[in-house]
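**Student:** One structure follows; several queries about it will come next.
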Amino acid sequence: MITLSYIGKNTFLEAINKKSGANVLECYQCGKCVSTCPVSQYMDFPPREIMQMIKLGMKNEVYMANSTWFCLTCSACSGRCPREIEIPAVMEAIRHLAIEENYVNKTKKVKSIRIFHNIFLDMIKRYGRSYELRLMAEHNIRTRDLFKDMNLAPVALLKGKIPLLVKPLKGTKAIRRMFKLAEKLEKKHQ
Amino acid sequence: MARVGVFVCFCGANIADFVDVPKVIEEAKRIREVKYAIEYKYMCSDPGQQLIRDAIVQHKLTSIVVAACSPRMHEKTFRKALSDAGMNPYMLEIANIREHSSWVHQKDKKAATEKASDLVRMAVAKSIANEQLHEISVPVTKRALVIGGGIAGIQAALDIADARIPVTLVEKSPSIGGRMAQLDETFPTLDCSQCILTPKMVDVASHPFIELIPYSEVVELDGYVGNYKAKIKKKASYVNFKVCTGCGACWQKCPVKVPNEYNMGIDKRKAIYTPFPQAVPNKPVIDAEHCTMLLKGKCGICAKFCEKGAIDYKMQDEIIEREVGAVVIATGYDLWDPKPYEEYGVGRFKDIITSLEFERMVSANGPTGGLPIRPSDGKVPKSVVFIKCIGSRDEAKGIEYCSKICCMYTAKHAILLHHKVHDSHAYIFYMDIRAAGKGYEEFVKRAQVDTAATYLRGRVSKIYKKGDQLIVRGEDAQIGQVIEIEADLVVLATAIIPPKGNPDLARLLGVSYDKYGYMSEAHPKLRPVETAKAGIFLAGCTQAPKDIPDTVAQASACAAKVCGLFSGDTMKKDPMISKVDNEFCSGCQNCVKVCPYQAIVTEEIPMGHGSKEVRTVAKINEGVCQGCGSCVAICRSMAITLSGFTDPQIINEIVAI
Amino acid sequence: MKKITYFPGCSAHGTSEEFEKTVRMVMQHLGVQLEDIPDWNCCGATSAHTMNESLAYALPLRNLVLAEKLDNATMAIPCASCYQRMKVTKVHMDENPELAGQINATIIEEGTYQGKVAIKSMLQYCYEDIGLEAIKAQVTKSLAGMKLACYYGCLLTRPKKITQFDSPEYPMSMDHIVEALGAKATDFDYKTECCGASFSISNSEVVLNLTGKILEMAKESGAHAIVVACPLCQSNLDMRQPGAEKTAGKKFDLPIFYFTQLMALAFGMPEKDLMFNKNIIPVEKALANIGKIEPEPEKNKKTKKAVEAESEVA
């Protein structure tokens, strides 16, 4: 059961609206997004419920939910939403704000996703291009699942699908500068 | 010497909260001509009006200023108070200190009060120059024109005709009956639609006061309330109705097959046809766009088989004229095309039909013998999914509003399906269930409990094919699960929209329409059957989506309005219209060109007293003139004045500020 | 000779090498010169926009700045994900010049963003700029006999506001291209259902589930193979197919072709150059259908007499 006390303005809703450019209040809970979303079954709360929870000011539950981490940003939902709400933008706004305000979902699946993205970005920072072999190896190690996809490795390597080496950019300095700016802008919101 | 009375209203808190009313009175009393000034809580109330009446008599006032709300609200009320006290009602001026001051300057009481005082001063100054005007009488033609022969038009025509007022009923298609003739049973009583409609249709055909003109359209409307002239195009039917007996030999022999509009294209009709068996009039017409004789000069089978020789391929369209005093618009509705719902496979999957197609299937006189069938293989479906809000309440792909009738007719469809196919099961995807009428909630309960239709709350996201069934996917928000239903048939409750021809018809008649194409009523709450143009009324779905009970009620309301309009031999008209002073008119005719109502013509008058030579001057038709003032502005000789807004009156106002 | 800017993307030398190679072969054959962006960087794919908003715009912005130096009006991008990121960046930077300036400042020595270059996916470029007639004209070895399910994935035609290309629900551009090559495109209802994209490594269970559904629907539509226009889609549907088969408990046996591989094949280029050996699911059985044309079903032919007789009875 949830008890709602008077909170004055719903600053959580306003923050999400501002960052995403959408208006969560327009959602009339029709549920088309839920049955459209290919991964709604994996989410703690499907998109429709996230909208309602934002309207109720349930910041903690929304930030800690795994929903936004499973969002594929495939835009199937917003293409069908009768109120034309940019749902992927709302999901992204929630996720970014959650990262900035340090809400960390510690479930295994979300951890695996976060680790993947962090390694990927690390590769780009170093080389300017993705380095799949290292990405897969490091992901296995950091998720403590050493033998994941091991059955695929020999076939993939033999067919040359995963190059053994990476050729870094000339402009890696520029890349690093962009990363620095991105980190600075993120901290500004905290 | 002018003696002006000023009455300032508090309007409860509407004015008083933002305007210092006592201060306004104080300022008013300073004006030399103001001999009496008083404030009151509600000027429009009986005691308020009594104040005015008493003051006129006691203080021998010559004009009155009421500082209150917009004249659109109570100008009539206060004018009557003046005339009750023996003063010419046009000696009234209203200073709108509500809409023009208190409502729009809520943040600055001082400024709002100053503005209110200014407005009062202007009104006082104007009223001093007011002239005593008298209402004009115009003659009225006691005949009504009803455009549209569906239940709305039929009801309006019958009610007006029963009051012994002649009615001309014009219908675009070959028969009257409209959408109601396409329905099987109607909610919430499950009355057979044809059974309750056809008696009315027959009444229309046989009523001594109704002239039924089928297969025709209104192409022109000139004039003004009480005095309209309509031009009606009778489309060539190529069948002589006077001779035709309706035996049906012609359409039995016709070789041409055309998709049948009455059955929503499910089956075919012939090129010579009556729309349905109970058609009124029950005489066929030839569809000129598909008849091989009319297009290519070949065939002629119908004429060969007609025993009465009623076929006349040489018939032409005919324009007839009617003089009428009032018009009722009752053009009904169309169905929205669900093509934008690509995710449902509309157009790709045969077994997706619209609600009207389903209605035709379950109708006894329908193309499938009264049973719903799958268009793909003709089998009777067992699992039927009904989807509501197709196009309605959808800003992305459809229209924003709610179509009002779909929740009820979908419940009806679930019940009808259960009656026709006993072992069938209905699934209904909905966002809400809107059952606000009398007996409506109880009716929906029948669908939910008696037929055990499964109601699922959520919009359908996708329909795809699996084998020879359709899979309908949607969330049931009540249990928070995504559900996929294996459906034999899918029925879409599509939005209803105004007929495509509404905007053109509106322009022709001179009335306005909204962004969707619905005809605009004069006021959404207080004047729902009138348009802004006097003498033109609205009935039925042409104005907004509504069910049959509301349509009939609105049609009867139109009839009452028409009867009221025709209750005297003449009609009273507002005298605030333009006048030409022939002394100054140069006959340049600029005013004739600029008048939006074509109310000005020219006339020849003698050059001078007793002279044989003539000169041209402008002549304003009092009945048509609406007092817009365009002619006043353009007259370079300053020969035209607008009663109620003369130069002295306006200049007084300006000087007063 | 037409000239356009080209952005290969990170997978070009790895998982989608056959896409990269056949794109270049087909473009050359059609008389289009591809000018690679020098020193291009990774667009950030899913990871950048998942973790950090400004980084998600910064990485593609560098590529856009470098592209503008090449003085071509159009840029074509083979990978749907890279295309989406670049297009979204262009739209957002055009609408937010302040943020664009801030990011641009960090790489100012590379150039200043002006927003001049039009961005299209390679599929879009083939359909809109090259056109079906030009493609048909180059076909020397018709693919007639092959039934193909065209899979678009999510990012080529969605969101409509960004891509402004084809239908977001039931697109037909690839279908039309494939039919211009002589093959038949099947009526496939899962054309734009997401495959699970970047969850391939971090959450492969999702991918196996989603690709399983896509493969099943493709098989049911009667297809011999699936055609794609995105490296991630190809990788998920191909490399993960054995896993998807295990999860679903069914055999699919559907090879996954890049549309440019089939274009090259139809244009008569030697099979050994088309890198079919890179496909995990073997392609031979599907390709063997070329030339096996099914007879058309008997059409109901009515005689004039029969028509007259019918109307007599009516």
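The values are calculated or read from the model by the stated rules, or taken from the named source; none is laboratory data. Remember, predicted model here, so these are calculated numbers, not experimental data. Neighbour counts are summed over all protein chains in view; Cβ atoms, including those assigned to glycine, are modelled from backbone coordinates with ideal geometry.
**Student:** May I ask you to say which residue of A:Arg176, A:Arg129 is in contact with a Lys or Arg (Cβ under 8 Å, 6 or more places away or on another chain), more than 7 Å from chain C (Cβ to nearest Cβ) and of a type in the set (D, E, K, R)?
**Tutor:** Step by step, each of A:Arg176, A:Arg129 is checked, and only A:Arg176 is in contact with a Lys or Arg (Cβ under 8 Å, 6 or more places away or on another chain), more than 7 Å from chain C (Cβ to nearest Cβ) and of a type in the set (D, E, K, R).
**Student:** Select from the stretch B:625-654 the residues that are of a type in the set (Gly, Ala, Ser) and touching a Cys at 6+ places or on another chain (Cβ under 7 Å) and write down the one among them that is surrounded by the fewest Cβ atoms within 10 Å (Cβ to Cβ).
**Tutor:** In this case the residue turns out to be B:Ser637.
**Student:** Among the residues in the stretch A:24-34, are any more than 30 Å from C:Tyr170 (Cβ to Cβ) and either of a type in the set (A, V, I, L, M) or assigned to a loop (DSSP other than H, G, I, E, B) (or both)?
**Tutor:** Looking through the stretch A:24-34, at least one residue is more than 30 Å from C:Tyr170 (Cβ to Cβ) and either of a type in the set (A, V, I, L, M) or assigned to a loop (DSSP other than H, G, I, E, B) (or both).
**Student:** Given the structure, is C:Glu110 more than 10 Å from chain A (Cβ to nearest Cβ) and either surrounded by fewer than 24 Cβ atoms within 10 Å (Cβ to Cβ) or not hydrophobic (A, V, I, L, M, F, W, C) (or both)?
**Tutor:** Considered against the rule, which asks whether it is more than 10 Å from chain A (Cβ to nearest Cβ) and either surrounded by fewer than 24 Cβ atoms within 10 Å (Cβ to Cβ) or not hydrophobic (A, V, I, L, M, F, W, C) (or both), C:Glu110 comes out as no.
**Student:** Kindly provide the set of residues from the stretch B:374-401 that are surrounded by 20 or more Cβ atoms within 10 Å (Cβ to Cβ) and either in contact with a helix residue (DSSP H, G or I) (Cβ under 8 Å, 6 or more places away or on another chain) or outside any loop (DSSP other than H, G, I, E, B) (or both), ordered by number.
**Tutor:** B:Val384, B:Val385, B:Phe386, B:Ile387, B:Lys388, B:Cys389, B:Ile390, B:Ser392
**Student:** Which of (1) at pLDDT 95 or above; (2) under 33 Å from the mean Cα position of the chain (by Cα); (3) within 24 Å of B:Pro275 (Cβ to Cβ); (4) not aromatic (Phe, Trp, Tyr) is the odd one out, the single condition B:Ile373 does not satisfy?
**Tutor:** Of (1) at pLDDT 95 or above; (2) under 33 Å from the mean Cα position of the chain (by Cα); (3) within 24 Å of B:Pro275 (Cβ to Cβ); (4) not aromatic (Phe, Trp, Tyr), only one is false for B:Ile373: (2).
**Student:** Determine whether B:Gly501 is modelled with pLDDT of 95 or more and touching a Gly at 6+ places or on another chain (Cβ under 7 Å).
**Tutor:** no
**Student:** Of the residues A:Ser67, A:Ser112, only one is surrounded by 18 or more Cβ atoms within 10 Å (Cβ to Cβ), closer than 21 Å to C:Val207 by Cα, small (Gly, Ala, Ser) and facing chain C (nearest Cβ under 10 Å); which?
**Tutor:** Testing whether each residue is surrounded by 18 or more Cβ atoms within 10 Å (Cβ to Cβ), closer than 21 Å to C:Val207 by Cα, small (Gly, Ala, Ser) and facing chain C (nearest Cβ under 10 Å) leaves just A:Ser112.
**Student:** Take C:Ile201 and tell me if it is touching a residue at least 12 places away in the same chain (Cβ under 8 Å), β-branched (Val, Ile, Thr) and touching a helix residue (DSSP H, G or I) at 6+ places or on another chain (Cβ under 7 Å).
**Tutor:** no
**Student:** Oh, and also: Return yes when C:Asn104 is assigned to a helix (DSSP H, G or I), within 12 Å of chain A (Cβ to nearest Cβ) and more than 26 Å from A:Glu100 (Cα to Cα) and no when it is not. Steps first, please.
**Tutor:** Numbers: assigned to a helix (DSSP H, G or I): yes; within 12 Å of chain A (Cβ to nearest Cβ): yes; more than 26 Å from A:Glu100 (Cα to Cα): no.
Considered against the rule, which asks whether it is assigned to a helix (DSSP H, G or I), within 12 Å of chain A (Cβ to nearest Cβ) and more than 26 Å from A:Glu100 (Cα to Cα), C:Asn104 comes out as no.
**Student:** Collect the residues in the stretch C:236-263 that are of a type in the set (A, V, I, L, M) and over 19 Å from A:Lys159 (Cβ atoms), keeping them in residue-number order.
**Tutor:** The answer is C:Ala248, C:Leu262, C:Met263.
**Student:** In the stretch B:440-491, which residues are within 14 Å of another protein chain (Cβ to nearest Cβ), in contact with a helix residue (DSSP H, G or I) (Cβ under 6 Å, 6 or more places away or on another chain) and small (Gly, Ala, Ser)?
**Tutor:** Selection gives B:Ser461, B:Gly474.
**Student:** Specify the residue that is surrounded by the fewest Cβ atoms within 10 Å (Cβ to Cβ); the eligible residues are those in the stretch A:136-148 that are under 13 Å from A:Ser112 (Cβ atoms) and more than 7 Å from chain C (Cβ to nearest Cβ).
**Tutor:** Applying the filter and picking the extreme gives A:Arg144.
**Student:** Please count how many residues of the stretch B:575-596 are in contact (Cβ under 8 Å) with a residue 60 or more places away in the chain and surrounded by 15 or more Cβ atoms within 10 Å (Cβ to Cβ).
**Tutor:** Result for the stretch B:575-596: 6.
**Student:** Identify the residue in the stretch B:43-86 that is part of a helix (DSSP H, G or I) and polar (S, T, N, Q) and, among all such residues, is farthest from B:Arg527 (Cα to Cα).
**Tutor:** Across the stretch B:43-86, the extreme among qualifying residues is B:Gln58.
**Student:** Separate question: Show me the strands (runs of 3 or more DSSP E) entirely contained within the stretch B:196-255 in which 2 or more residues are surrounded by 15 or more Cβ atoms within 10 Å (Cβ to Cβ) and more than 25 Å from the chain's Cα centre (by Cα). Show your work before the answer.
**Tutor:** Numbers: elements: B:210-213, B:216-224, B:227-234.
Filter on the stretch B:196-255 gives an empty set.
**Student:** Continuing with the same structure: A:Arg48: at the interface with chain C (Cβ under 10 Å from one of its Cβ atoms), basic (Lys, Arg) and surrounded by 18 or more Cβ atoms within 10 Å (Cβ to Cβ), yes or no? Before the answer, list the steps.
**Tutor:** Working: at the interface with chain C (Cβ under 10 Å from one of its Cβ atoms): no; basic (Lys, Arg): yes; surrounded by 18 or more Cβ atoms within 10 Å (Cβ to Cβ): yes.
So A:Arg48 does not fit the description; no.
**Student:** Follow-up question, since we're still on this one. Name the strands (runs of 3 or more DSSP E) wholly within the stretch B:517-618 that hold at least 2 residues that are over 21 Å from B:Arg143 (Cα atoms)?
**Tutor:** On the way: elements: B:536-538, B:570-573, B:578-580, B:600-606.
Output list reads B:578-580, B:600-606.
**Student:** Select the helices (runs of 4 or more DSSP H) contained entirely in the stretch C:155-246, then report the ones holding at least 2 residues which are over 16 Å from the mean Cα position of the chain (by Cα) and within 12 Å of another protein chain (Cβ to nearest Cβ).
**Tutor:** Answer list for the stretch C:155-246: C:160-163, C:199-202, C:204-220.
**Student:** Oh, and also: Filter the stretch B:561-589 down to the residues that are within 14 Å of B:Val146 (Cβ to Cβ) and either in contact with a helix residue (DSSP H, G or I) (Cβ under 8 Å, 6 or more places away or on another chain) or β-branched (Val, Ile, Thr) (or both) and list them by number.
**Tutor:** Of everything in the stretch B:561-589, those that are within 14 Å of B:Val146 (Cβ to Cβ) and either in contact with a helix residue (DSSP H, G or I) (Cβ under 8 Å, 6 or more places away or on another chain) or β-branched (Val, Ile, Thr) (or both) turn out to be B:Val562, B:Cys563.
**Student:** Select from the stretch A:25-40 the residues that are of a type in the set (A, V, I, L, M) and touching a residue at least 24 places away in the same chain (Cβ under 8 Å) and write down the one among them that is farthest from the other protein chains (Cβ to nearest Cβ).
**Tutor:** A:Leu25
**Student:** Let me ask something additional. Going by what's in this entry, would B:Arg79 be described as among the basic types (Lys, Arg), over 13 Å from B:Ser117 (Cα atoms), surrounded by 19 or more Cβ atoms within 10 Å (Cβ to Cβ) and touching a helix residue (DSSP H, G or I) at 6+ places or on another chain (Cβ under 7 Å)?
**Tutor:** Yes; evaluated as a whole, the condition is true for this residue.
**Student:** Restricting attention to the stretch A:1-24, which residues are more than 14 Å from chain B (Cβ to nearest Cβ) and either of a type in the set (A, V, I, L, M) or touching a strand residue (DSSP E or B) at 6+ places or on another chain (Cβ under 9 Å) (or both)?
**Tutor:** A:Met1, A:Ile2, A:Leu4, A:Ile7, A:Leu13, A:Ala15, A:Ile16, A:Val24 - these are the residues of the stretch A:1-24 that are more than 14 Å from chain B (Cβ to nearest Cβ) and either of a type in the set (A, V, I, L, M) or touching a strand residue (DSSP E or B) at 6+ places or on another chain (Cβ under 9 Å) (or both).
**Student:** Go through the stretch A:115-131 residue by residue and tally those that are surrounded by fewer than 20 Cβ atoms within 10 Å (Cβ to Cβ) and over 16 Å from C:Leu55 (Cα atoms). Break it down stepwise before answering.
**Tutor:** The initial filter retains those residues of the stretch A:115-131 that are surrounded by fewer than 20 Cβ atoms within 10 Å (Cβ to Cβ), namely A:115, A:118, A:122, A:125-127.
Checking which are over 16 Å from C:Leu55 (Cα atoms) leaves us with A:115.
The qualifying residues number 1.
**Student:** Which condition number does B:Arg32 fail, the rest of (1) more than 16 Å from B:Met122 (Cα to Cα); (2) charged (D, E, K, R); (3) outside any helix (DSSP H, G or I) being met?
**Tutor:** Evaluating B:Arg32 over (1) more than 16 Å from B:Met122 (Cα to Cα); (2) charged (D, E, K, R); (3) outside any helix (DSSP H, G or I) leaves (1) as the failure.
**Student:** Continuing with the same structure: If you check B:Ser193, B:Ser216, B:Ser206, B:Ser173, which single one turns out to be touching a helix residue (DSSP H, G or I) at 6+ places or on another chain (Cβ under 6 Å) and not β-branched (Val, Ile, Thr)?
**Tutor:** Residue meeting the stated conditions: B:Ser193.
**Student:** Further question on the same structure: Select from the stretch B:601-624 the residues that are touching a residue at least 24 places away in the same chain (Cβ under 8 Å) and within 12 Å of B:Val580 (Cα to Cα) and write down the one among them that is surrounded by the fewest Cβ atoms within 10 Å (Cβ to Cβ).
**Tutor:** Quick first cut of the stretch B:601-624, residues touching a residue at least 24 places away in the same chain (Cβ under 8 Å) only: B:615-620, B:622-624.
If we keep only those that are within 12 Å of B:Val580 (Cα to Cα) as well, we get B:617-620, B:622.
Numbers: B:Val617: 19, B:Ala618: 25, B:Lys619: 17, B:Ile620: 19, B:Glu622: 15.
Among them, the one singled out is B:Glu622.
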